[in-house]
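Working notes for the structure below.
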Amino acid sequence: MSKPIIMVVDDEKDFADDLTDLIKRTGKYEVLTSYSAKEALEQLRKNKVLWGMGGNKIHLIILDIKMPDMDGLQFLEKVRKDYDESIGVCMLTAWEDEEKWDKATSGFVVAYLTKPLDEDKLIKTLDDYFAGKEGKMVLDTFEEHINKRDELEKKKE
């Protein structure tokens, strides 16, 4: 049986390569690495499944927000438009503000993880996603967003 395919999208080449190596070392997943949203869109196009119900060979995207040309949130919007929710997206970013949370959670992300990377949390996120818990993960991420929004509102007061 083939391993699920994860795509890492981050313009910081060293970080993306280290993340790719970390995921590969689990032995559970295949990993593609893209250093820009444009490159990632090309990977999605190449991995589109044309037979049956459609879909994509890429099952999960680990996505940075801050990237040149097209940022991660614009990329997420395009993925949701072109591929709906059939591809999971996990945000992994140094950006953590209310606007970014709003845009990410409205794109039905399975997780919103922050840098510096907690490797154990990332691997647990991947394992949970591929264990079929994606629906619960999206809801948990949305609930976490609501709590974070409340926190940010209190800081403004």
*Of all residues in segment 139-153, count the ones that are surrounded by 11 or more Cβ atoms within 10 Å (Cβ to Cβ) and more than 26 Å from TYR129 (Cβ to Cβ).*
1
*Which ones in segment 134-157 are among the acidic types (Asp, Glu) and over 19 Å from the mean Cα position of the chain (by Cα)?*
ASP150, GLU151, GLU153, GLU157
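Specify which of the listed residues (ILE61, ILE123, ILE87) is modelled with pLDDT under 95, crowded, with 16+ Cβ neighbours inside 10 Å and under 15 Å from the mean Cα position of the chain (by Cα). I'd like the intermediate steps shown before the answer.
On the way: ILE61 fails: modelled with pLDDT under 95; ILE123 fails: modelled with pLDDT under 95.
After applying the criteria, what remains is ILE87.
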*asked:* Residues that are more than 28 Å from ARG149 (Cα to Cα), at least 1 per element: which strands (runs of 3 or more DSSP E) completely within segment 1-97 meet that?
replied: 5-9, 30-34, 58-63
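When you go through LYS3, LYS46, LYS24, LYS28 one by one, which is the residue that is closer than 20 Å to ILE123 by Cα and free of Cβ contacts under 8 Å to residues at least 24 places away in the same chain? Break it down into steps so the answer makes sense when it comes.
Working: LYS3 fails: free of Cβ contacts under 8 Å to residues at least 24 places away in the same chain; LYS46 fails: closer than 20 Å to ILE123 by Cα; LYS28 fails: free of Cβ contacts under 8 Å to residues at least 24 places away in the same chain.
The conditions single out LYS24.
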*Determine, yes or no, whether ARG25 is surrounded by fewer than 15 Cβ atoms within 10 Å (Cβ to Cβ), farther than 26 Å from GLY132 by Cβ and not β-branched (Val, Ile, Thr).*
no
*Provide a single number: the residues in segment 98-139 that are in contact with a strand residue (DSSP E or B) (Cβ under 8 Å, 6 or more places away or on another chain), of a type outside the set (S, T, N, Q) and assigned to a helix (DSSP H, G or I).*
10
*Restricting attention to segment 134-157, and to residues there that are aliphatic (A, V, I, L, M) and in contact (Cβ under 8 Å) with a residue 12 or more places away in the chain, which single residue is farthest from HIS59 (Cα to Cα)?*
LEU152
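The values are calculated or read from the model by the stated rules, or taken from the named source; none is laboratory data. None of these values were measured; they are calculated from a predicted model. When we count neighbours, we look across all protein chains shown, and the Cβ atoms used for this are built from the backbone with ideal geometry, even at glycine.
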